[in-house]
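Undergrad: This is the structure, below, for whatever I ask next.
The values are calculated or read from the model by the stated rules, or taken from the named source; none is laboratory data. Note that this is a predicted model, so its numbers are computed, not measured. A quick note on method: Cβ atoms are made from the backbone with ideal geometry, for glycine too, and the neighbour counts reach across all protein chains shown.
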Amino acid sequence: MKKWKIPLLGLGMILACGVCMLGVFVVTGEAQKTLSGLLIGVGAGVFGACFANLVTALVQAKNPQYAKRVEIEKTDERNQRINTLAKAKAYDAMVTLFGLLMISFVLMGESMRAVLFMVGAYLLVTAIHIFYVSRFSKML
């Protein structure tokens, strides 16, 4: 493990707390409610990610056998194949659920702008899928 990882994660946690505090105490008022919520959400998310990585780094630093086992599991071909198959199943579910969500937004009478953003994102994901299917079929 790199020596700079633990202090960097600690610094990330401190900065994330600062972003949360900025959202709570500095950005106030009814007009800036969205910005305040965004700052609090991003700060809390970054804090949680840094905290989880910090705990993992500390456990791996104290237990080298565990760190080695985690590294082997990460690079193991079987585990990588399982992860790839799980991502494929999740993608299939996402396409179906995303389509149903778009239809439900239309039926609920949501704004056309929101529905078009969702349609654009759906088409982008589908285009990326088609691109990689084409690319991988040429490679293999």
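Undergrad: Of the residues V119, V59, V106, V125, only one is within 30 Å of L8 (Cβ to Cβ) and of a type in the set (V, I, T); which? Talk me through it step by step, then tell me what you get.
TA: Details: V119 fails: within 30 Å of L8 (Cβ to Cβ); V106 fails: within 30 Å of L8 (Cβ to Cβ); V125 fails: within 30 Å of L8 (Cβ to Cβ).
It is V59.
Undergrad: Further, regarding this structure: Got at least one residue in the stretch 100-114 being outside any helix (DSSP H, G or I), assigned by TED's automatic domain parsing to the domain that holds I14 and either without any contact (Cβ under 8 Å) to a residue 40 or more places away in the chain or hydroxyl-bearing (S, T, Y) (or both)?
TA: no
Undergrad: Does the stretch 37-47 include one or more residues that are of a type in the set (A, V, I, L, M, F, W, C) and more than 23 Å from the chain's Cα centre (by Cα)?
TA: Among the residues of the stretch 37-47, not one is of a type in the set (A, V, I, L, M, F, W, C) and more than 23 Å from the chain's Cα centre (by Cα), which makes the answer no.
Undergrad: Restricting the search to the stretch 38-57, which residues are over 18 Å from F25 (Cα atoms), of a type outside the set (G, A, S) and touching a residue at least 24 places away in the same chain (Cβ under 8 Å)?
TA: V46, C50, F51, N53, L54
Undergrad: Among the residues of the stretch 4-31, which ones are surrounded by 14 or more Cβ atoms within 10 Å (Cβ to Cβ) and in a loop (DSSP other than H, G, I, E, B)?
TA: Once the filter is applied, which keeps residues that are surrounded by 14 or more Cβ atoms within 10 Å (Cβ to Cβ) and in a loop (DSSP other than H, G, I, E, B), the stretch 4-31 yields only V27.
Undergrad: Please state which one of V46, V70, V42 is at pLDDT below 90, assigned by TED's automatic domain parsing to the domain that holds V19 and in contact with a helix residue (DSSP H, G or I) (Cβ under 9 Å, 6 or more places away or on another chain).
TA: V70
Undergrad: If a residue must be surrounded by 10 or more Cβ atoms within 10 Å (Cβ to Cβ), without any contact (Cβ under 8 Å) to a residue 40 or more places away in the chain, polar (S, T, N, Q) and part of a helix (DSSP H, G or I), how many such residues does the stretch 58-83 contain?
TA: Result for the stretch 58-83: 3.
Undergrad: Checking the condition at pLDDT 90 or above, surrounded by 10 or more Cβ atoms within 10 Å (Cβ to Cβ) and touching a helix residue (DSSP H, G or I) at 6+ places or on another chain (Cβ under 7 Å), which residue from M94, M118 passes? Break it down into steps so the answer makes sense when it comes.
TA: Details: M94 fails: touching a helix residue (DSSP H, G or I) at 6+ places or on another chain (Cβ under 7 Å).
The unique qualifying residue is M118.
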